[in-house]
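The values are calculated or read from the model by the stated rules, or taken from the named source; none is laboratory data. Here the structure is a predicted model, which is why all the values come from computation and not from measurement. Positions of Cβ are generated from backbone atoms using ideal geometry, with glycine treated the same way; all protein chains shown enter the neighbour counts. All accessible areas refer to the heavy atoms of the entire protein, side chains included, with ligands and DNA or RNA removed. Shrake-Rupley method; radii C 1.70, N 1.55, O 1.52, S 1.80 Å.
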Amino acid sequence: MAASASSPAKTMVVKIGSSTLVGPDRALRRDFIADLAAQADELAGLGWRLVVVSSGAIACGAPVLGFGSRPADMPSLQACASVGQCVLSAAYDEEFRVRGLLTSLVLLTRQDTARRTSYLHARDALGRLVELGVVPVVNENDTVTVDEIRFGDNDTLAALVSCLVSADLCVTLSDIDGLYTANPALDPDARFIPRVDRIDAGIIASAGDSTTSVGTGGMITKIRASRILMTAGIASVICSGAEPRALVRLARGESVGTLFAPPAGRLDIAPRKLWIALGDSAHGAVTVDAGAVRAIVEGGSSLLPVGITAVEGDFRAGATLDVRDPDGFTVARGLAQAGSDELRLAAGRHQDEIASNRLLAALAGRPAIHRDELIVFA
C-alpha cells in the first residue's frame, strides 16, 4: 500500500467513531486528534492524502449543554450536534494547523447525495479540496437531519466518501481491533479474522452489535460498508483506534486489523452504479428466485419480473431497491423500472402474460431493474 514520493499520490479515508474520539469521561480526546494530525503529516511525506470522516458531534455537544447522557428526542440531538460540531471543528483546525495542515468542514445528508446532480457536486468539491492539499473533515449534518434523510451511521458515509474521492484505502478506527467469528465481548471462543476476501451470509452473521453508549454503528454497519467498498475495488481496514500509528503503518504496507480485500482483477464500476449503491437508502426490496440470482450475478442480466417472488415496501418507479436471494441475503441494488403495486402484480409472470394484461401492458418488454442501473455486490 505504500507510495513513493515519485509515484502518483494515493488517497486514504479514515473513519473515526465516537467511542474513539470521546473518552470515558465524555471529554473530547485532543491527544487523539493531535496524533492523527501527526500521522497526516507523515502520510503526506509518503505520498498519501487524507480525508477524515468524523463522528462525535452529538457526543461532544451533549455534556456542553448539560445532558447527563445522549438525549432521545430529535430537537435535543440536533442541538447537541450543532454545538458539538463547533467543538470538533475547532479541535481539528487547531491540532492540524500545528503541523502546517489545513482542514475543511464538509457536512452531508442523504438529501444531498440522493440527487445525482448534488452527488456529483459533492464529488467535485471533495476532489478539489484533496487536490489543494486540504484535509476535509466530513460528517453527517445532524443539525438538520431527521430519520427520513439520515445516513444513520458514519460507516456508510465513509464508504460514500471513499467512492467520491476514488480512495485507495478506507480505514475505520473503532473500539475493536477488527472482525471476529463472533462478538468477543460475549463469546470467549471468538477468533480474530485478519483478512476477508468475500463477504457472505456467514460473515454478516458473525457481526455483533455495538456495546458503546456514544456511537450508533455496530460491526454489521462496518461490514456492509466494506462490502460496498470491495464492490467498488477499494480496500478497507477495520482496526482499533488505540493501535499506535495505524494509518502510517498501513500506508507502509503493514498488516493492522482486518483487511477487506477487493476481488483481484475486478473491472471498474461505473460511477453511476456506485451512486446507486450509496447515494440513497433503499426504499424497498425484491426477493428473487435462484435462477434470477444466477442471471444477474453470473450473467450480468437485467432483473425480469418473472424472477421476482416477493416485493417489500411502498415505492415509485426510479426508487432504489435491494435485491435479495431466497435466503434474504442482499446480492444487488438497483433502480426500479416500476412502482411497488405494478411489480407485485407482475411478479412471477412471463413477458407474454404481462403484455396481455391491460393493467401491466406498460411493463411489456421492460425489466423490473435494468442491468445498467443494477450493481451486484462483491
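Some notes on this structure:
- Every residue from the range 319-352 that is more than 30 Å from I203 (Cβ to Cβ) and in contact with a Leu (Cβ under 8 Å, 6 or more places away or on another chain): Q337, A338, E342, L345, A346, R349, Q351
- For the range 226-264, a residue qualifies if it is assigned to a helix (DSSP H, G or I) and in contact with a Gly (Cβ under 9 Å, 6 or more places away or on another chain), and the qualifying residues are A246, L250, A251.
- Any hit, the range 93-103, residues being among the β-branched types (V, I, T), under 25 Å from S236 (Cα atoms) and touching a strand residue (DSSP E or B) at 6+ places or on another chain (Cβ under 6 Å): yes
- Just one of (1) among the β-branched types (V, I, T); (2) touching a residue at least 40 places away in the same chain (Cβ under 8 Å); (3) surrounded by 22 or more Cβ atoms within 10 Å (Cβ to Cβ) fails for V248. It is (3).
- Among the residues of the range 47-96, just one is under 16 Å from N154 (Cβ atoms), of a type in the set (S, T, N, Q) and in a loop (DSSP other than H, G, I, E, B), namely S55.
- No other residue among A336, A282, A292, A368 is free of Cβ contacts under 8 Å to residues at least 24 places away in the same chain, out of contact with any His (no Cβ under 8 Å at 6 or more places or on another chain) and not aromatic (F, W, Y) apart from A292.
- Residues (open to solvent by 90 Å² or more (accessible area, probe 1.4 Å) and more than 25 Å from L250 (Cα to Cα)) located in the range 183-200: L186, P188, D189
- Some residue of the range 309-320 being surrounded by 14 or more Cβ atoms within 10 Å (Cβ to Cβ), under 25 Å from Q111 (Cα atoms) and in contact (Cβ under 8 Å) with a residue 40 or more places away in the chain: yes
- Hits in the range 286-317 (condition: at pLDDT below 95 and at positive phi): G300
- In the set R128, R115, only one residue is surrounded by fewer than 21 Cβ atoms within 10 Å (Cβ to Cβ), modelled with pLDDT under 95 and not aliphatic (A, V, I, L, M); that residue is R115.
- Residues located in the range 356-378, provided they are part of a helix (DSSP H, G or I), among the small types (G, A, S) and open to solvent by less than 60 Å² (accessible area, probe 1.4 Å): A361
- Qualifying residue in the range 301-310 (condition: more than 29 Å from A205 (Cα to Cα) and either acidic (D, E) or not in a loop (DSSP other than H, G, I, E, B) (or both)): yes
- Enumeration of residues in the range 321-338 that are at negative phi and open to solvent by 10 Å² or more (accessible area, probe 1.4 Å): D322, R324, D325, P326, D327, F329, T330, V331, R333, L335, Q337
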